[in-house]
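All remarks here apply to the structure that follows.
The values are calculated or read from the model by the stated rules, or taken from the named source; none is laboratory data. If you're wondering where the values come from, they're calculated on a predicted model, not measured in any experiment. Every residue, glycine among them, receives a Cβ derived from its backbone with ideal geometry; neighbour counts consider all protein chains shown. Ligands, DNA and RNA are stripped out before the accessible areas are found, and what is left, the full protein with its side chains, is counted by its heavy atoms. Shrake-Rupley method; radii C 1.70, N 1.55, O 1.52, S 1.80 Å.
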Amino acid sequence: MRREILDAFCREESDQLSNRRAYLTKGQRKVIGIIFNGSEERFMSHNFKKLLIWQKAMDLSDLIYNYSESLPSKERFVLIDQLNRSSVSIPSNIAEGCGKRTKKQFAEYLAISLSSSYEAETQLLICKKRNYGKTELLEQALKSVDEIQKMIFSFKEKIEKEVI
């Protein structure tokens, strides 16, 4: 229904638009208000490259790639691969969420990003427990992932409050 109403309005001339509005039902006017005023369906326009959480997540991904080079080669197809993929998923989901149409959808991608950060943290803790890799890089990565988790959680909460 929304698409039909939007298509009808897009075909109308601007002066005819206000005349046509009088013939719409209350529900149709609400839908039009949502589409045109952007109270619910506004296109998200965050520039993800300017978001500090994305920048820090990118730095974490680099750090984890560097750390994973120091892990035993026997973990190449298991732990290293999973650790690298989860670390890449954090900034990737932040970026993908920026391109979504609503703040609610953006918050969902932030939640996925947060989940990926917990996955990466768990894998780093497994490495710590098994005494894998360079300790200095491991501790730096654990500290960074903790900071990013707090940032993503706070940003997600802020976005979700704006939806309500």
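It is to be established whether one or more residues within the stretch 128-139 are exposed (fewer than 13 other Cβ atoms within 10 Å of the Cβ), in contact (Cβ under 8 Å) with a residue 24 or more places away in the chain and in a helix (DSSP H, G or I). No, the stretch 128-139 has no match at all. Every condition in (1) hydrophobic (A, V, I, L, M, F, W, C); (2) without any contact (Cβ under 8 Å) to a residue 24 or more places away in the chain; (3) open to solvent by 30 Å² or more (accessible area, probe 1.4 Å) holds for residue 142 except the one numbered (3).
If you go through the stretch 86-122 and keep only what is β-branched (Val, Ile, Thr) and under 17 Å from residue 47 (Cβ atoms), you end up with just 94. Scanning the stretch 101-116 for residues that are over 24 Å from residue 145 (Cβ atoms) and in contact with a helix residue (DSSP H, G or I) (Cβ under 8 Å, 6 or more places away or on another chain) yields 102, 103, 104, 105. Among the residues in the stretch 50-66, are any touching a Gly at 6+ places or on another chain (Cβ under 9 Å), open to solvent by less than 90 Å² (accessible area, probe 1.4 Å), farther than 28 Å from residue 108 by Cα and at pLDDT 95 or above? No, the stretch 50-66 contains no residue that is touching a Gly at 6+ places or on another chain (Cβ under 9 Å), open to solvent by less than 90 Å² (accessible area, probe 1.4 Å), farther than 28 Å from residue 108 by Cα and at pLDDT 95 or above. Consider the stretch 68-113. How many of its residues are in a helix (DSSP H, G or I), surrounded by fewer than 17 Cβ atoms within 10 Å (Cβ to Cβ) and in contact (Cβ under 8 Å) with a residue 60 or more places away in the chain? The total comes to 1. Every condition in (1) modelled with pLDDT of 95 or more; (2) open to solvent by less than 30 Å² (accessible area, probe 1.4 Å) is met by residue 34 except one, and the failing one is (1).
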